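Everything below concerns the one structure shown next.
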Amino acid sequence: MTTGLSPADLFGLFTHFLVLSLLAVGGAITTVPDMHRYIVAEHHWISDAQFSSSIAIAQAAPGPNVLFVAVLGWNVAGPIGAFATMAGILLPSTVLSLWATRWGAQRRETRGVRAFTTGLTPLTLGLLLATGWVLAEPYLLDASHRWGALGLIATTVFVMLRTKLSPMWLVALGAVAGLLGWV
Amino acid sequence: MSGAAPKEALNVPGSVRELFFAFNRLALQGFGGVLPVAQRELVERLRWLDKEQFVEMLAISQVLPGPNIVNLALMFGDRFFGIRGAMAALAGMLLAPLVIVLALTALYAQFAQLPMVSGALRGMGAVAAGLVISTALKLLGSLRRNAMGLPISLAFAAFTFAATAWLRLPLVWVIVGLGSAAMAVAWARLRE
């Protein structure tokens, strides 16, 4: 991957992720649609397939899901890109979390805090569904992979809702199915 | 908190160092998400939190912006050792996995042309999409207990989905627009 980004572009990437950090209610993964809009649709820094595979690599590796942000940054602009996106996504929310935990600990039952929580919960779930859709879309639009991918997605959803099997096994199943050329 | 049965005594992390390695250990076990492992380690194995405390921390970390599990680590570390604890838990959880995932990314760039490698990634990507969708579906049930009522909650979830997945509106607008409307409804409903 070439680091063809100007300092201004890198700064733009960093500040975009700074903003996303504060909007990531319900987890970093819920901002995936907006990351896609900014990095792929608007700036064309990486392709659709690269975007999806960045998230797949992070999912395949151990650790918090938020690391996909580092992989995206790396694919856009190498190590400095990874630093820009990770610092951006972590700084504001870390400061805010530490401050808010201490502040909110005494005010948990107040109407304002409860209205905040109650109001944002449905948005969180809508965003999570949208993220699933954005991740699935490139596979579903590609005619040669559509049915295999759809089968894997449906199997995953079914197994997750009906059993207590660890997601690790499904990730492994996906890898093997892909390796054998079924997807 | 409604402590009905007498609670068994909980353990306490002995040092910042112990905190670092505990979070390092649980992060490295977390394939496809750390949350289930965090519950098993912090509540069942180390017994640093009871189930109720864990759920409460999780709810707060979900509402706060930022990665959930990262917020949970910060909150947990801060509770025992202040800022130093928060940073130790955060570093423990992120450092080793970050090195691993970036190494994989660099390797992948070398082998991306091999059809088997890109096929495997495609398969894992489809599963990743399925995991996110199933998590969302599982949690939709929790809206039944939302003070706004199920129909209004589901409507807000559906509008949010349509605005981001279909209309591709920038997230800022969605949170500011739909979010403030939802909070206003919640504020009014919480009066009773």
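The values are calculated or read from the model by the stated rules, or taken from the named source; none is laboratory data. Bear in mind that the values here come from a model prediction, so they are computed numbers and not experimental data. In this analysis, Cβ positions are derived from the backbone assuming ideal geometry, glycine residues included, and neighbour counts consider all displayed protein chains.
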query = What about residue B:91, is it more than 8 Å from chain A (Cβ to nearest Cβ) and within 17 Å of the chain's Cα centre (by Cα)?
reply = yes
Residue among A:171, A:183 that alone is modelled with pLDDT under 90, in a loop (DSSP other than H, G, I, E, B), buried (at least 20 other Cβ atoms within 10 Å of the Cβ) and facing chain B (nearest Cβ under 7 Å) = A:183
ask   = What pairs come up if the first residue lies in the range A:154-168 and is within 8 Å of chain B (Cβ to nearest Cβ) and free of Cβ contacts under 8 Å to residues at least 40 places away in the same chain, the second is in a helix (DSSP H, G or I) and among the hydroxyl-bearing types (Ser, Thr, Tyr), and their beta carbons are under 8 Å apart, counting only those six or more places apart or on different chains?
value = A:156/B:134; A:157/B:134; A:160/B:134; A:160/B:135; A:161/B:134
ask   = Where in the range A:48-145 are there helices (runs of 4 or more DSSP H), lying fully within it, with 1 or more residues that are closer than 30 Å to residue B:184 by Cβ and facing chain B (nearest Cβ under 7 Å)?
value = A:68-105, A:111-141
ask   = out of contact with any helix residue (DSSP H, G or I) (no Cβ under 8 Å at 6 or more places or on another chain) and over 30 Å from residue A:73 (Cβ atoms): does that describe residue B:47?
value = yes
message = When you scan the range A:34-43, do you find a residue that is at the interface with chain B (Cβ under 8 Å from one of its Cβ atoms), touching a residue at least 24 places away in the same chain (Cβ under 8 Å) and assigned to a helix (DSSP H, G or I), even just one?
response = no
ask   = Based on what the data block shows, is residue B:131 at pLDDT 85 or above, within 22 Å of residue A:171 (Cβ to Cβ), in a helix (DSSP H, G or I) and hydrophobic (A, V, I, L, M, F, W, C)?
value = no
key: Condition check for residue A:16: within 11 Å of chain B (Cβ to nearest Cβ), over 30 Å from residue B:39 (Cβ atoms) and of a type outside the set (Phe, Trp, Tyr)   = yes
